[in-house]
Amino acid sequence: MTNILVTGGLGYIGSHTVVELQKEGFDVVIIDDLSNSEAFVLDRISQITGIAPDFHQFDLKDKQKTAQFFQENKIDGIIHFAASKAVGESMEKPLMYYRNNIVGLLNLLEAAKENQVDNFIFSSSCTVYGQADKLPIDESAPIKKAESSYGKTKQMGEEILEDFSAAFDKKVIALRYFNPIGAHESALIGELPKGVPNNLIPFVTQTAAGIRECLSVFGDDYPTRDGTAIRDYIYVVDLAQAHVKGLKRLISGENTSNYEIFNLGTGTGSTVLEVVNAFEAANNVKLNFKIVGRRAGDITAAYADNSKAENELGWKPETPLEYALKTAWEWQKTL
Ligand code: UD1
């Protein structure tokens, strides 16, 4: 058996990745402090796969507990999701973000080094590119100074991992996600935003459900085909499968260098209004929306050149936007 540690495994992308790992025969151990996730997700995972993952509830900032965990569990690879991820909140609480995202990572890496764990997958973000000069964005695009403390923790995380892989001969893959959306086809797991959602899709589904009165579309004066901003919306299960591919690549030694980076996006950008229309068409519902001013810190357009992931990881996203939006709505209806 290959034992994989998934930190943040009860969170949105983490839980979908646990399911895909179990389907591929990996033994999964989850560490999650439940700071932004719910314990019931563990049962939901078991309902989907028929396998209960091993679960340890603690915070990676606790260095002693982290070290003890590795002494008691033989781990072959780590997929690290556990981190705070709200852009706005990170500007109000930068120190909390650095502590959570950086100290947690350092404790994990120290324990990995001490216990000869050689394979590591890092949850990064296309936010590291800022507004890229060239579209679609490939992995050679320069990193731009992040606007938020959250974005900075992702940039720092990547740099820490690059040095870690070089100094200790460890294999690391950083996965830069574009905009993950949707839920598992079973509607048993999905995104669980706390409070008013910041991201587009949960706001859309909550508006359709009547929890929010109206979706505010942030800006229609961008230099795009309909004036609204363009993003690359990638289905969460496709994204989860890329983690499994990355892990297999590392375990079987197919990686070409110790530190690799892959973009994970569909390669196609959609405007906010295109997403609204696709959501209405896919689910046969009407969405209340109004155009308001731009949101501070937003960029005009970002979508991936995903050819590196396709050629080297053998990963190709297959799910159409409409299907992803259908699963998002099915999930919302269960909440
Ligand atoms: C945001 C983060 C990014 C993070 C990603 C995933 C910012 C500036 N960036 O990306 O760092 O990695 O989430 O969590 O927050 N929109 C509306 N109305 C809404 C919500 C969003 O019009 O109520 C628009 C936004 O202006 C944007 C698009 O929808 O054009 C997508 O927004 P969002 O889902 O928040 O993702 P990003 O801003 O791309």
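The values are calculated or read from the model by the stated rules, or taken from the named source; none is laboratory data. All of these numbers come straight from a predicted model, not from anything done at the bench. Using ideal geometry, Cβ is built from the backbone for each residue, glycine included, and neighbour counts are taken over all protein chains shown.
Is it the case that PHE218 is in contact with an Asp or Glu (Cβ under 9 Å, 6 or more places away or on another chain) and either free of Cβ contacts under 8 Å to residues at least 60 places away in the same chain or within 8 Å of the ligand (Cβ to nearest atom) (or both)? Here the answer is yes, as PHE218 does meet what is asked.
Residues that are of a type in the set (Asp, Glu), within 12 Å of the ligand (Cβ to nearest atom), modelled with pLDDT of 95 or more and crowded, with 21+ Cβ neighbours inside 10 Å are absent from region 269-292 altogether.
This table checks each residue for (1) in contact with a helix residue (DSSP H, G or I) (Cβ under 6 Å, 6 or more places away or on another chain); (2) away from the ligand (no atom under 13 Å from the Cβ).
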position: ASP226; (1), (2): yes, no
position: ILE230; (1), (2): no, no
position: ILE234; (1), (2): no, no
position: VAL244; (1), (2): yes, yes
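One residue stands out in region 189-201 among those that are touching a residue at least 60 places away in the same chain (Cβ under 8 Å) and more than 14 Å from ALA328 (Cβ to Cβ): the one that is farthest from the chain's Cα centre (by Cα), namely LYS194.
Where helices (runs of 4 or more DSSP H) fall entirely within region 68-183, those with at least 1 residues that are within 15 Å of the ligand (Cβ to nearest atom) and out of contact with any Asp or Glu (no Cβ under 8 Å at 6 or more places or on another chain) are at 87-92, 94-98, 149-168. Per the listing TYR150, TYR129, the residue uniquely buried (at least 17 other Cβ atoms within 10 Å of the Cβ), touching a strand residue (DSSP E or B) at 6+ places or on another chain (Cβ under 8 Å) and among the aromatic types (Phe, Trp, Tyr) is TYR129. Once region 293-311 is narrowed to residues that are under 20 Å from the mean Cα position of the chain (by Cα) and more than 11 Å from the ligand (Cβ to nearest atom), the residue that is surrounded by the most Cβ atoms within 10 Å (Cβ to Cβ) is ALA304.
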